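Taking it in order: structure first as structure tokens, then the write-up.
The values are calculated or read from the model by the stated rules, or taken from the named source; none is laboratory data. The structure presented is a predicted model; accordingly, all values stated were derived computationally and were not measured. Quick reminder, even Gly has a Cβ in these numbers, built from the backbone with ideal geometry, and neighbours come from all protein chains shown.
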Amino acid sequence: MMKKLYFTVMSFFILLGCSSHPPIRSEKNVDIKRFMGDWYVIANIPTFIEKGAHNAIESYKFNDDGSIATTFTFNKDSFDGAKKSYHPTGYITDKESNAIWGMQFIWPFKSDYRIVYLDQDYMHTIIGRIKRDYVWIMARNPTLSDLDYKKLVDIIKQEGYDTSKLQKVPQKLAQD
């Protein structure tokens with residue numbers, strides 16, 4: 001009886017581990033040096049820490065060890081809300097394309113992070129995950145034309161995301 005129970009439990013975990021998501025596209029070749037710098041979060045399916053974010057910016061910079069120092073900043077719940085800042089580390093896992101990373105907020109766990117789309121001028125990008133639970137539309141500028149936004153949302157939809165969960169992130173230029 002114990003062997004049967006053990007076999008049933010182990011089979012469950014093995015099958016659970018075998019479940020997979022359909023492939024998600026990622027860029028074939030990212031010039032990682034051009035990708036570094038500031039990206040404004042235009043819209044997302046937010047994680048719990050991003051709910052209510054205003055003026056969200058994701059910044060990337062190379063570390064000496066080849067990892068990527070990431071700084072994610074935003075104002076909580078309003079443009080005047082408390083400034084929040086997070087500092088995960090990115091690790092490129094696909095060195096051929098530079099489009100697939102592991103993003104580490106807490107050691108030793110790394111989250112799936114994929115550059116799903118990047119325009120040729122490195123002005124617009126979509127960051128996604130194979131689980132299709134979170135996604136980010138980002139741009140080098142805090143605004144995006146309606147046409148560009150629609151194009152990026154269409155790509156997200158084609159990749160199997162539920163775009164009804166997509167939320168625009170309010171952006172306001174700092175006053176001089």
### Task
Give the residues of the stretch 53-73 that are at negative phi and touching a residue at least 40 places away in the same chain (Cβ under 8 Å), sorted by residue number.
Ala53, His54, Ala56, Glu58
### Restricting the stretch 132-151 to residues that are surrounded by fewer than 21 Cβ atoms within 10 Å (Cβ to Cβ) and of a type in the set (Phe, Trp, Tyr), the residue that is modelled with the highest pLDDT
Tyr149
## Note on the structure
Of Gln120, Gln104, the only residue that is without any contact (Cβ under 8 Å) to a residue 60 or more places away in the chain, in contact with a strand residue (DSSP E or B) (Cβ under 6 Å, 6 or more places away or on another chain) and not aliphatic (A, V, I, L, M) is Gln104
#### Entry: Qualifying residue in the stretch 30-45 (condition: in contact with a Phe, Trp or Tyr (Cβ under 8 Å, 6 or more places away or on another chain) and of a type in the set (Ser, Thr, Tyr))
no
### Task
Please go through the stretch 129-158 and pick out each residue that is in a loop (DSSP other than H, G, I, E, B) and within 14 Å of the chain's Cα centre (by Cα).
Arg129, Ile130, Lys131, Arg132, Asp133, Tyr134
### Task
List every residue pair whose Cβ atoms lie under 8 Å apart, where the two residues are 6 or more positions apart in sequence or sit on different chains, the first residue falls within the stretch 74-97 and is within 16 Å of Trp39 (Cβ to Cβ), and the second residue, located anywhere, is surrounded by fewer than 13 Cβ atoms within 10 Å (Cβ to Cβ) and among the basic types (Lys, Arg).
Phe74/Lys83
### Task
Hey, could you check the stretch 1-27 for residues that are surrounded by 10 or more Cβ atoms within 10 Å (Cβ to Cβ) and within 19 Å of Arg129 (Cα to Cα) and say which is modelled with the highest pLDDT?
Ser26
### Query
Checking Thr163 against (1) more than 12 Å from Ile45 (Cα to Cα); (2) touching a helix residue (DSSP H, G or I) at 6+ places or on another chain (Cβ under 7 Å), which test does it fail?
(1)
### Query
For the stretch 62-84, how many residues meet the condition of being surrounded by fewer than 18 Cβ atoms within 10 Å (Cβ to Cβ), in a strand (DSSP E or B) and more than 16 Å from the chain's Cα centre (by Cα)?
4
### Message
Can you tell me which residue is surrounded by the fewest Cβ atoms within 10 Å (Cβ to Cβ) among those in the stretch 85-104 that are of a type outside the set (Val, Ile, Thr), assigned to a strand (DSSP E or B) and under 15 Å from the mean Cα position of the chain (by Cα)?
### Response
Tyr86
#### Entry: Residues located in the stretch 159-172, provided they are not hydrophobic (A, V, I, L, M, F, W, C) and not in a helix (DSSP H, G or I)
Glu159, Gly160, Tyr161, Asp162, Gln167, Lys168, Pro170, Gln171, Lys172
